[in-house]
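Enquirer: Sharing a structure with you now.
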Amino acid sequence: MCFTTYCQYSHNVFSIINSVQITEKNAEPEKTLLTYLRRNLGLTGTKLGCAEGGCGACTVMVSKYHPHQNRIIHYAVNACLAPLCSLHHCAVTTVEGIGSVASKLHPVQERIAKAHGSQCGFCTPGIVMSMYALLRNNPQPSMHDVQEAFQGNLCRCTGYRPILEGYRSFTKDGGCCGGKAQSNGCCMTNEHTQEHDSSTLPAQKLYDQSEFMPLDPTQEIIFPPELMVLSKQPQRELRFAGERVLWIQPCSLEELLELKATYPNAKLVVGNTEVGIEMKFKNLLYPVILAPAYIPELNIIQNTQDGIQVGASVTLTVLGDVLRAAVKKLPAHQTEVFKAVLEQLRWFAGQQIRNVAVCHVPEDKQLINKLNVQCMFYKLYKKNLCLMFKGEKHVIEMDGKFFPGYRKTILKPEEILLSIEIPYTRKYFSAFKQSPRKEDDIAIVTCGMNVFFKEQSNIVQSIRISYGGMAPVTVLATATCNRLLNRQWNEELLEEACTSLAEEMNLSPSAPGGMVTYRRTLTISLFYKFFLNVQHKLSLDLGLAAALLVPIISSLFTAVHSVYHWRSVRHVYKLNNLSNFVSNDSVQFGELVQPVTCVGHIVGAIVADTQAHAQRAAKAVKISYEELQPVIVTIQDAIANKSFFQPVRSIERGDVAQGFKDSDHILHGEMHIGGQEQFYLETNCTLAVPRGEDGEMELFVSTQSASKTQALVAKALGVSANRVVCRVKRMGGGFGGKESRSTILSTVVAVAAHTVKRPVRCMLDRDEDMLVTGGRHPFFGHYKVGYMNNGRVMALEVTLYSNAGNSLDLSLSILERALFHMDNSYNIPNIRGTGYVCKTNLPSNSAFRGFGGPQGMMIAESWMSDVALSCGLPAEEVRRMNMYKEGDFTPFSQRLDNFTIDRCWEECMQLSDFNKRKDAVEQYNRQHRWTKRGLSIIPTKFGISFTAVFLNQVSAFPLRTPDLGYDFETNSGRPFNYFSYGVAVSEVEIDCLTGSHKNLHTSIVMDVGKSLNPALDIGQVEGGFMQGLGLFTLEELRYSPDGYLYTRGPGMYKIPAFGDIPIELKVSLLRDAPNEKAIFSSKAVGEPPLFLAASVFYAIKDAITAARAESNLTGPFRLDSPATPERIRNACEDKFTKLCPPADPGTFIPWAVQV
């Protein structure tokens, strides 16, 4: 083998991608592996979903020989963050490299397909590669290993269950052996079947595992021998000079120190999990980057007298392996901090991030701040950091002075962090993290606490309490700790501590991050958890009476160039360094520019030779705005300013006034339902190709409305529609979000292509897509309900308000559907509904799965819940009593024929074993004070057809066009062709101290008519249910008072992950229910199941009701959607929440508002 002659530096990246040698000369430091794979190599199987390592669509496997571990390692990484420069002497395997339909599928690919684990398919390559990387390291993993491997992957379509079930077949505790069973017969029917958790399997067998190809680890691609040889050779410093950034990878500690002295402000990067995001999303530029990943001294791991010393370049995955080994080996009392760090690592980011992120980036500010929980552990024990500067080593303590400010440490610019020591501990130690979602989420509040007692006593000798999320830096509750010294660990100490923490851990009501009351309450609640934990251990150690000891619960943390054109929609100030700058005061539709009416209003477009150049040019544009008043952001703002689109809609039946007079009781209530981002994994994307003749244009678009795209592009170009061809080969999710809003991109791209006379492509980044395209409409409902003593509802008056944003779009039709579903499945004799479409300064909201129906039904279930609570009756009895029957008429005068909800109800009661489950819930709640369980059964009646009549599509054969339409003036017509029905039962468990919840069980019975494909229908039911789970319990769009969207990517906006599916999930399709009004007696199944996730919301509300009863609080209470940990905790009012009352509205400007 021939090697290049030695020189001081190397300027080439040599790697092997899918067994092909790649040499990239003078690699661009800012180019990621994902960009290189897709643009340079044409390997488009690896997808761009978020560009911040939060969705896993870009997952690939990297293999390398690690000299410090002396072995070949395989690990999954996010290609969107991995710098191309970091892959020298690495092998990269993409989804194309393991198999394809053109040659042969790999078992990992085959099983996800045959198990129906792929719908839109955009997330599938990333999930496949996460599983493949796991199997390369562990050919027979456990289900826990599988679930951990998927913590960094998201799917918006499937609901996750079929993916897990398909890959269960690879595990040692489940699935098909591929014909390798030692005993006779199929392994799936032998005695090991009892080990399978079949609770998440649908009742009907959807595939045959015995048909799966066996996995043979010996046939996998070997690590390239040439890379093994090169990795063992003496290494040279790598240098890559890009357009803006110099990347240097030193080979020794001496080189690193010299470089740090030369470039004291250089950023040190190992995994690029922080710097990459800062440069892309925060517009920061770091001219010099040092990459010290392979320096031996920074990869050291060794035991010391006081703990374990860990090198600054050790990845989080390796750190976890080391600590797990220590926990198994060392006495339990020495490893409390190790266990706490492991618990935090378990929920910190996804596996792809942990594989490359380091525990302590050896530089001034980075992940030292990110892992603030871990830093708390060190501050609690004042443990040591080993630093180096110009060859001199010194040690500092990580104490209360280590963080002088936000994202600042006391490290000097020329210093590097060499290692950190994780200490051994005694047993009285606890750490907690509370976040909106358990997996891969940023903490709201974290804390670490330890206490030492005087010998053989419960008298406090010393105590340290540290919090993250309560200030710009990690803070110690010094005053509280001082008050607790020399006190007995008893109830008096608890009361003193809680009162003191309420005073000391104060926050401004306008504090960044919001949730001020919740965060303050958490500081007390988490201390109480620590108190109980210590109390329990003391009772065991000292034999003390444990009078205070209630059942202990574990937390449920759980320079711009190469720019061709600028197309503006109003005057923009001159840009410097732009070649061929064009200013045009006409919008693409030929209209004069209207005022900018929201944050996210598109005002222009830049065309350049690369995406990076275009984005830099866009960021260089400076626009002066004239402030317009009033700024209307929320529904309440719109109501106050009477800012509504016309018309106002209403539906009425019966004599509402008389109905209220005849009622025994009348109650009033309100509910707000937050919006929801569609979060299709593939963002909006358009490729426009001019065809050169008579203005012809060919478009390749990710859209749900090809005809609308064609029409609007033709209008923008000033040509007839037959000159425009719109192609949609496949789409990475849509859910209604690409029905109308995709045209704001496709029209601009078409105009750009027409202007420059060459193909133009634009794919929005995730943050851009979320900012400009809107989502599901937030709703506010006010209701007045008249009801009898037995729970029978006699009269209802409901007013609905939707937040449409700055244009009408489809909002009127969405509001109309909400009114059509204001009754859900209940027969109310006297009913009046009125709906207003609010015009606000937000990006226009649009269609989303359910199209307004879920919002209308959610408010219906709110007043139904209030009636049950007011009457003191079981909610399921009140719901069943008020339910429609066959032949009844809706408020819009449509007869209910083939009404099957009663059958769905009874079958779901039986499938879930509802009565037995309810008894168990009540018993559990009697035995537990700080965790409560709740149970709920919810029906749905969903009308099939678009309330926007022009959207209805009817097959040309064999059906005829149904006579659909409705007149609001006369309350006559037939808005729906038929109805889909379903019922769901859900059980949850909430942590009353933190607000977290676990989804324990869900049973669903769905009427889909005569199913044409049970696997497809069940997939739609599960996928819709999980989207509804996000809508009602997790996903929260957060806006500033000025309308700026904070939640613009998976870092802050959390959709359900693998760990959010119910522990037990059963789905059954109603049999013998043919639908004569649709093809082959089937029914639509895409949208109706979404609302069934409301059963989880009302199970949570049921659990909160049990918690409130402990504080003698009964009757109806308001719980807005989504039921986030913040709302759950605040609703569980107790002695701790009373210590942290909220500030009076109007006395402060909140960080975020409820729109």
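Enquirer: Using r as the Cβ-Cβ distance of residue 1046 and residue 1110, and R0 as 51 Å, what FRET efficiency do you calculate, to the nearest 0.05?
Expert: Here the calculated transfer efficiency is 0.90.
Enquirer: How far apart, in nanometres, would the label points at residue 25 and residue 325 be if each is projected 7 angstrom from Cα along the Cα-to-Cβ direction?
Expert: It is 4.3 nm.
Enquirer: Please calculate how many Å² of accessible area the chain carries per residue, with a 1.4 Å probe and no DNA, RNA or ligand atoms counted.
Expert: On a per-residue basis, the chain sits at 39 Å².
Enquirer: Tell me, rounded to the nearest percent, the portion of alpha carbon pairs in the chain spaced more than 51 Å apart.
Expert: So the portion of pairs separated by more than 51 Å is 25 percent.
Enquirer: Using the structure shown, list the pairs from 267/412; 885/916; 433/529 with a Cα-Cα distance above 21 Å, or answer none. Working shown, then result.
Expert: On the way: 267/412 13 Å; 885/916 27 Å; 433/529 12 Å.
Distance filter (> 21 Å) returns 885/916.
Enquirer: Divide by every residue of the chain the summed helix terms, -39500 (n - 2.57) for each DSSP H run of at least 4, and state the resulting mean residue ellipticity at 222 nm, rounded to the nearest 500 deg cm²/dmol.
Expert: -8500 deg cm²/dmol
Enquirer: Continuing with this model, one more query. Please give every one of the lysines within straight-line cross-link reach of residue 1101, meaning a C-alpha to C-alpha distance under 16 Å, and leave out same-chain neighbours fewer than 8 residues apart.
Expert: 918, 932, 998
Enquirer: Here is a follow-up. Quick one: which residues, 5 or more positions from residue 10 or on another chain, have an amide H under 5 Å from its amide H? H modelled 1.01 Å from N in the peptide plane, none for Pro or chain starts.
Expert: Correct list: 237, 238, 239.
Enquirer: Sticking with this one: Sequence gap at least 6, Cα distance under 8 Å: using those rules, report the relative contact order of segment 413-515 to the nearest whole percent. Let's see the in-between values first.
Expert: On the way: 129 pairs, mean separation 17.0, N = 103.
Relative contact order for segment 413-515 comes out at 16 percent.
Enquirer: Applying a 10 Å radius around every beta-carbon, put 128-141, 242-255 in order of their mean neighbour count, most first. Intermediate results must be reported in sequence, preceding the final value.
Expert: Details: 128-141: 21.9, 242-255: 17.6.
Descending packing order for the listed peptides: 128-141, 242-255.
Enquirer: Something else now. Taking every DSSP beta bridge with both residues inside segment 655-750, roughly what % is antiparallel (nearest 5)?
Expert: 55
Enquirer: Relative contact order, percent, of segment 590-720 when contacts are C-alpha pairs under 8 Å separated by at least 6 residues?
Expert: Contact order relative to length: 11 percent.
Enquirer: Now a separate question. Between residue 627 and residue 972, what is 0.36 nm times their sequence separation minus the Cα-Cα distance? Round to one decimal in nm.
Expert: This chain segment gains 119.6 nm when fully extended.
Enquirer: In whole angstrom, note down how far apart the Cα centers of segment 39-106 and segment 115-138 are.
Expert: Using only Cα atoms, the two centres lie 13 Å from each other.
Enquirer: Still on this structure, please answer the following. Just want to confirm a number: the relative contact order over segment 713-769, from Cα pairs under 8 angstrom separated by 6+ residues, in percent.
Expert: It rounds to 32 percent for segment 713-769.
Enquirer: Rounded to whole Å and ordered largest first, report the semi-axes of the equivalent ellipsoid of segment 228-371 derived from its Cα gyration tensor (root of 5λ). Display every interim value, and only then the final one.
Expert: Details: eigenvalues 174, 71, 36 Å².
Computed over segment 228-371, the values are 29, 19, 13 Å.
Enquirer: What nm distance separates the two modelled labels at residue 1149 and residue 496, each placed 7 Å from Cα along Cα→Cβ?
Expert: Calculated label separation equals 4.2 nm.
Enquirer: For residue 64, give me every one of the aspartates and glutamates with a C-alpha distance below 13 angstrom, ignoring sequence neighbours fewer than eight places off in its own chain.
Expert: Answer for residue 64, where 13 Å is the Cα cut-off: 226, listed by chain and number.
Enquirer: Could you give the nm distance between label points at residue 232 and residue 406, where each point is 7 Å from its Cα heading toward the beta carbon?
Expert: Going by the 7 Å Cα→Cβ label model, 5.2 nm.
The values are calculated or read from the model by the stated rules, or taken from the named source; none is laboratory data. All values derive from a computational prediction rather than experimental measurement. As a convention, Cβ positions derive from the backbone with ideal geometry for all residues, glycine included, and neighbour counts pool all protein chains shown. Calculation scope for accessible area: heavy atoms of the full protein, side chains included, ligands and nucleic acids excluded. Shrake-Rupley method; radii C 1.70, N 1.55, O 1.52, S 1.80 Å.
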